[in-house]
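Peer 1: The structure that follows is given in the form of structure tokens.
The values are calculated or read from the model by the stated rules, or taken from the named source; none is laboratory data. Since this is a predicted model, take the numbers as computed values, not measurements. Cβ placement follows ideal geometry from the backbone for every residue including glycine, while neighbour counts extend to all protein chains displayed.
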């Protein structure tokens, strides 16, 4: 089991098991990350200081979808 998603993960890059970038964590709410797949430079900066919010293009990542969390959020190979 991985560590739980927290507000400390906002702004981290989300990658698949092969290291392909899928977006950045925009917000975390009760162990669910909202991932922005196409963040602008401004959105990346806002997320890095915790000011980014959800928008309609974000997708959801739950803790059971994670392989690990370190300097990136890495998704499992099979979801």
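Peer 1: Restricting the search to segment 29-41, which residues are in contact with a strand residue (DSSP E or B) (Cβ under 6 Å, 6 or more places away or on another chain) and modelled with pLDDT under 75?
Peer 2: 39
For (1) exposed (fewer than 13 other Cβ atoms within 10 Å of the Cβ); (2) part of a helix (DSSP H, G or I); (3) modelled with pLDDT of 90 or more; (4) under 10 Å from the mean Cα position of the chain (by Cα), each residue gets a yes or a no:
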site	(1), (2), (3), (4)
43	no, yes, no, no
46	no, yes, no, no
54	no, no, no, no
67	no, no, yes, no
77	yes, no, no, no
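Peer 1: Tell me which of these residue 2 doesn't satisfy, since it passes every other one: (1) without any contact (Cβ under 8 Å) to a residue 60 or more places away in the chain; (2) touching a helix residue (DSSP H, G or I) at 6+ places or on another chain (Cβ under 7 Å).
Peer 2: (1)
Peer 1: Name the residues in segment 7-31 that are assigned to a loop (DSSP other than H, G, I, E, B), on the phi < 0 side of the Ramachandran plot and surrounded by fewer than 12 Cβ atoms within 10 Å (Cβ to Cβ), would you?
Peer 2: Across segment 7-31, the qualifying residues are 17, 18, 20.
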